[in-house]
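The structure appears below as structure tokens.
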Amino acid sequence: MTAPLISNVSDTARWVAVYRAWETARPDALFRDPYAERLAGERGKQIVAQLPMSRVARNGWLRAQPRRRARHPPLPAPAAKGHGVDRG
């Protein structure tokens, strides 16, 4: 039997760190994580290389949702008229 691709919490941290390192390397990065590449290490790169969606994620698919939110912030919630349920 082969070992599971992700066997503990530290594997998920390394997996996510790879994506954070990719984002950090972009010239138009939404955030910077100077420790991501070091945390990802070889194990994180091995995990991502075996995932079927890693190529799609590398090309910016994971960035779509945060970018959309940044351009269209949510509208403010209307002020409550009373306590609990608003009965009109």
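Every number in this text was worked out from the coordinates using simple rules, so none of it is lab data. The structure presented is a predicted model; accordingly, all values stated were derived computationally and were not measured. Glycine also receives a Cβ, built like all others from the backbone with ideal geometry; neighbour counts cover every protein chain displayed.
Key figures
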quantity	calculated
Virtual paramagnetic centre 7 Å along Cα→Cβ of residue 50, amide N under 15 Å, in the range 7-22	7-16
Cleavage-rule hits (chymotrypsin sites (Phe, Trp or Tyr not before Pro)) in the range 20-54: DSSP loop, at most 10 neighbouring Cβ within 10 angstrom	31
Segment residue 8-residue 25, extension gain: residue separation times 0.36 nm, minus the distance between their alpha carbons	3.4 nm
Ascending count of other beta-carbon atoms within 10 Å, so fewest first, for 28, 11	28, 11
